[in-house]
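Engineer: Starting off with a structure, shown below.
The values are calculated or read from the model by the stated rules, or taken from the named source; none is laboratory data. If you're wondering where the values come from, they're calculated on a predicted model, not measured in any experiment. Reconstructed Cβ throughout: ideal geometry from the backbone, glycine too, with neighbour counts over all protein chains shown. All accessible areas refer to the heavy atoms of the entire protein, side chains included, with ligands and DNA or RNA removed. Shrake-Rupley method; radii C 1.70, N 1.55, O 1.52, S 1.80 Å.
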Amino acid sequence: MKSGWVDRDAEAIQADGAKAGIDPDLSLRIYTTRLLGRDPKLVLHGGGNTSLKTRMRDLLGTEVEVLRVKASGAEMASIEPAGFPALRLEPMRALRALATIGDDELVGIERANLIDPRAPNPSVEVMLHAFLPHKFIDHTHPTAVLSTIDQARGEQICAEVFGDRMAFVPYLLPGFGLAKKAIEVFERARACEGLILSKHGLVTFGETAREAYERMIAFVSRAEDFIARNRKSVAAAEPARRPPPVADVAPIVRGACSEKDDKTEGAWRRLVLEFRTGNAILDFLNGRDLQRLSKAGVITPDHTIRTKNWPLLLDAPEPERMAEFALSSREKAQEFTKRYRDYFAHHNKRAGGYKRSLDPLPRVALVRGLGLFGLGRTRQDAIIAADIAEAWIECVADAEAIGRFESISEADMFDCEYWPLEQAKLGAREEPPLAGQVAAITGAGGAIGAATAKCFAAAGAEVALLDVDRAAAREQANAVGGDALALACDVTDGGSVSAAFAKIAEHFGGVDILVSNAGAAWQGRIGEVDEDTLHKSFELNFYGHQRVAQAAVRIMRAQGTGGCLLFNISKQAVNPGPNFGPYGIPKAATLALMRQYALDYGADGIRANAVNADRIRSGLLTPEMIASRAKARGVSEKHYMTGNLLGREVTAEDVAQAFLHQALALKTTADVTTVDGGNIAAAMR
Ligand SMILES: [Zn+2]
């Protein structure tokens, strides 16, 4: 591992800091923290922490000695001064006299000693930083170092790798107990440059930011060299046969890793997937010891809150035997959740019986011969789980190459997973109603599609925006923000539809809600209209709906967790307008299509509903059309747009709300919801 220190950058950050009144030591503390944070081989997703001991004025202007330590869960790569809350050092140090202290009490004392009472909570490792005397302290979880310490013979191997430059601290749950043990070990060891926290990570310290940082890099490099020199040659694994496409495997895995919600009939707890593969992953997945390793545990304790302690291990899927793969995946996922429930019940009893179980679903699925999936309630959580799973594979493979991988005990994993201060890193998240669900919206570049994508994303769904105009889909996906996926899709082309739904399955793991909205209007008096016009309209306004519904149902059935098809049928389906036959007739057929899906797939838990909307400003009703129609009727544009029973203009957002309502109404299928401000001629009967 190479040092990332650049004198010029260090000087620049100090110079910029000076202008903002930031202490030069704090500027360098920020600089090296970012250097550490940007390397995924050192820390991942909020892991690791650093500190600085300095002096500053409190709110009353008195100068005091403070500890500035990274805030709990803050990202090191992008940290700012506010990410280093300052605490009075002396009262924190005085806590060493206590034998133990409760979590709530400790957090209370920390908060009482913050210089700025609005500052975020300090890192869960704050006491380690307070007790050690050094000015700069860096703590990371480097993959290479973990390969040398996550070993049955960890202490001996560390002595070989690091000599007496590092002192060895036996495993304890991070927090007060570990901090007390660490300072004891440090005081016993004479001159060490850092501490190894067994089965957890590395601490280095120094009088300057650079010294602590360069020591970290040097020790990680030593571990890397040691692994390279001592690697046993591992027998090449049997190469896998050609696996089926990820798009076919992902919905099966996603379905297997879902759970019926026992509080609401028809509801499921679903997860979003992120797929990863590559030579290192495949070599590992094809290895002979995979079964043992998949039950071995995490590489550093705080990963448990992201990946749980163990991945789900699935068989290699074969293209011509997908039904068997689906069956075995379900069985294995059920074994996984049963094992998780037993693990929780057993350790909760030991811990006093007052903990509440997290959901028992896996957060990492290893599929032999194919790759791995990270799983999460959001796509971001799935990505984090996948990143950690990749680091886990790298670390465990190297640990096995120089010895035998060994994690902390199951009891220790439980204590970390259910430690309130670890769970606090995830934040108190109120779950939105569509959390864990994936919605695909066609015609998403237009007004109604875009409003629906925004509405569904705000309700917690992951959204895929499909439009024949890729740039329009992209623009609206950017407006939605987050992880919205933009895809070019021409619903009049079967190949384009298949490709788009395969992309959705690869990207999110599957689909739960389809909003089939793409459409365009053709006019003509039905007795005289040419057949070509009628064909074109049917291709888009009927077959387009059928193609996307078929593609969505195929994925929904592979998941086995139901789903929801929503169609935009427009008022023309029930209340034809003069000379609008070429548009209204295929829309009427689409109303029948919706009912047919409701009938044929109700037993699969797949619901089908439609919205009958009218007079919405959109690509089908442009400002020019509004002007000309208003003129033709001799009314104002405003009057034309509000010409309904309620006298209110209907917007794309109103239609989006109707789709959302249908998506959430778990006992409603074959329904048409009218969104037109009131028009008796278009009312359902
Ligand atoms: Zn740590």
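Engineer: So who's got an amide H within less than 5 Å of the one on Ala86, skipping anything under 5 residues away but keeping other chains? H placed 1.01 Å off N, in plane.
Structural biologist: Ile115, Asp116
Engineer: Can I ask one more? Give the residue from His347, Leu314, Thr337 lying farthest towards the positive end of the charge dipole for region 301-349; charges sit on Cβ (+1 for Lys and Arg, -1 for Asp and Glu) and the dipole is referred to the Cα centre.
Structural biologist: Final value for the positive-end residue is His347.
Engineer: Taking a ≥ b ≥ c as the square roots of the Cα gyration tensor eigenvalues, with a/c under 1.5 meaning rounded and otherwise prolate when a/b beats b/c, else oblate, which class fits region 247-397?
Structural biologist: oblate
Engineer: Then there is this: Using DSSP to call loops (not H, G, I, E or B), can you name the trypsin sites (Lys or Arg not before Pro) in region 8-77 whose Cβ has at most 16 other Cβ atoms within 10 angstrom?
Structural biologist: Of the trypsin sites (Lys or Arg not before Pro), the ones in loops of region 8-77 whose Cβ has at most 16 other Cβ atoms within 10 Å are Arg38.
Engineer: Now a separate question. Measuring from centroid to centroid over Cα atoms, what is the spacing of region 256-321 and region 67-105 in Å?
Structural biologist: Region 256-321 and region 67-105 have Cα centres spaced 34 Å from each other.
Engineer: Of the accessible area of region 429-549, with the probe set at 1.4 angstrom, what percent is carbon plus sulfur?
Structural biologist: 48
Engineer: Which whole-Hz ³J(HN,Hα) couplings does region 578-590 yield from phi under the Karplus relation 6.51 cos²θ - 1.76 cosθ + 1.60, θ = phi - 60°, glycine and proline marked x?
Structural biologist: With coefficients 6.51, -1.76 and 1.60, one gets x, 6, 9, x, x, 8, x, 5, x, 5, 5, 5, 5 Hz.
Engineer: Any idea what the relative contact order of region 480-575 is, in percent, if you count C-alpha pairs under 8 Å spaced at least 6 apart?
Structural biologist: Relative contact order of region 480-575: 37 percent.
Engineer: When the accessible area of region 628-667 is split by element with a 1.4 Å probe, what percent falls to carbon and sulfur?
Structural biologist: 53
Engineer: Something else now. Can you tell me how region 278-336 classifies by the Cα gyration tensor, rounded, prolate or oblate, using a/c under 1.5 as the rounded cut?
Structural biologist: oblate
Engineer: In addition: What figure, in Å² to the nearest 10, do you get for the accessible area of Val480 with a 1.4 Å probe and non-protein molecules left out?
Structural biologist: The value for Val480 is about 40 Å².
Engineer: Excluding residues on the same chain fewer than 8 positions from Lys349, give the lysines whose Cα lies under 17 Å from its Cα.
Structural biologist: The reachable lysines, counting only those whose Cα sits under 17 Å from Lys349, are Lys338.
Engineer: Please list 3J(HN,Hα) in residue order for region 202-214, calculated via the Karplus relation 6.51 cos²θ - 1.76 cosθ + 1.60 where θ = phi - 60°; whole Hz, with x for glycine and proline.
Structural biologist: 10, 10, 10, 9, x, 7, 10, 4, 5, 4, 4, 5, 5
Engineer: In whole angstrom, how far apart do the alpha carbon centroids of region 531-595 and region 333-376 sit?
Structural biologist: About 42 Å separates the Cα centre of region 531-595 from the one of region 333-376.
Engineer: Which residues' amide hydrogens lie under 5 Å from the amide hydrogen of Arg607, considering only partners 5 or more residues apart or on another chain, with H built in the peptide plane?
Structural biologist: Correct list: Gly563, Cys564, Leu565.
Engineer: Post the alpha-carbon centroid distance, region 176-202 to region 641-685, in whole angstrom.
Structural biologist: 65
Engineer: Would you mind telling me the share, in percent, of accessible area of region 1-119 contributed by carbon and sulfur at probe 1.4 angstrom?
Structural biologist: 53
Engineer: Additional query: If ligands, DNA and RNA are left out, what is the accessible area of Val161 with a 1.4 Å probe, given in Å² to the nearest 10?
Structural biologist: Per-residue accessible area (Val161): approximately 10 Å².
Engineer: Moving on to the next point. Where only protein heavy atoms count, and the probe is 1.4 Å, what is the accessible area per residue for the chain in Å²?
Structural biologist: That works out to 43 Å² per residue.
Engineer: Give Lys263/Lys571; Lys571/Lys667; Lys53/Lys355; Lys41/Lys135; Lys503/Lys587; Lys41/Lys308 a once-over and call out the pairs whose C-alpha atoms are over 32 Å from each other.
Structural biologist: Lys263/Lys571; Lys53/Lys355
Engineer: Give the residue from Gly647, Asn121, Pro432 lying farthest towards the positive end of the charge dipole for the chain; charges sit on Cβ (+1 for Lys and Arg, -1 for Asp and Glu) and the dipole is referred to the Cα centre.
Structural biologist: Of the listed residues, the answer is Gly647.
Engineer: Turning to a different aspect of this structure: Just to confirm the filter: which GluC sites (Glu not before Pro) across region 133-242 are DSSP coil and have at most 12 other Cβ within 10 angstrom of their Cβ?
Structural biologist: When the GluC sites (Glu not before Pro) of region 133-242 are filtered for loop state and at most 12 Cβ neighbours within 10 Å, Glu207 remain.
Engineer: Now a separate question. Sequence-distant or interchain residues sharing an amide H contact under 5 Å with Val124, placed H: which?
Structural biologist: Amide H neighbours of Val124: Gly73.
Engineer: Could the peptides 530-537, 630-637 be put in order, highest first, of the mean number of other beta-carbon atoms found within 10 Å of their residues?
Structural biologist: Ranking, from highest mean packing down: 530-537, 630-637.
Engineer: In debye, nearest 20: dipole of region 200-318 around its Cα centre with unit charges on the Cβ of K, R (+) and D, E (-)?
Structural biologist: 200
Engineer: Under 8 Å for C-alpha pairs, at least 6 residues apart: give me the relative contact order for region 455-531, rounded to a whole percent.
Structural biologist: 22
Engineer: Tell me, what is the percent relative contact order of region 594-685, built from C-alpha pairs under 8 Å that lie six or more residues apart?
Structural biologist: 38
Engineer: In debye to the nearest 20, how big a dipole does the chain give about its Cα centre with +1 on each Lys and Arg Cβ and -1 on each Asp and Glu Cβ?
Structural biologist: With only Lys, Arg, Asp and Glu charged at Cβ, the dipole is about 780 debye.
Engineer: First check a/c for the chain, with a ≥ b ≥ c the square roots of the eigenvalues of its C-alpha gyration tensor; if it is under 1.5, answer rounded, and if not, answer prolate when a/b is larger than b/c or oblate otherwise.
Structural biologist: prolate
Engineer: Which value in deg cm²/dmol, rounded to the nearest 500, describes the helix-derived mean residue ellipticity at 222 nm for the chain, given -39,500 (n - 2.57) per DSSP H run of n ≥ 4 and division by the residue count?
Structural biologist: Computed mean residue ellipticity for the chain: -13500 deg cm²/dmol.
Engineer: Pop out the ³J(HN,Hα) list for region 217-226 in order, Karplus 6.51 cos²θ - 1.76 cosθ + 1.60 with θ = phi - 60°, rounded to Hz; leave Gly and Pro as x.
Structural biologist: Each residue's phi maps through the Karplus curve to give 4, 5, 6, 5, 4, 4, 5, 4, 4, 4 Hz.
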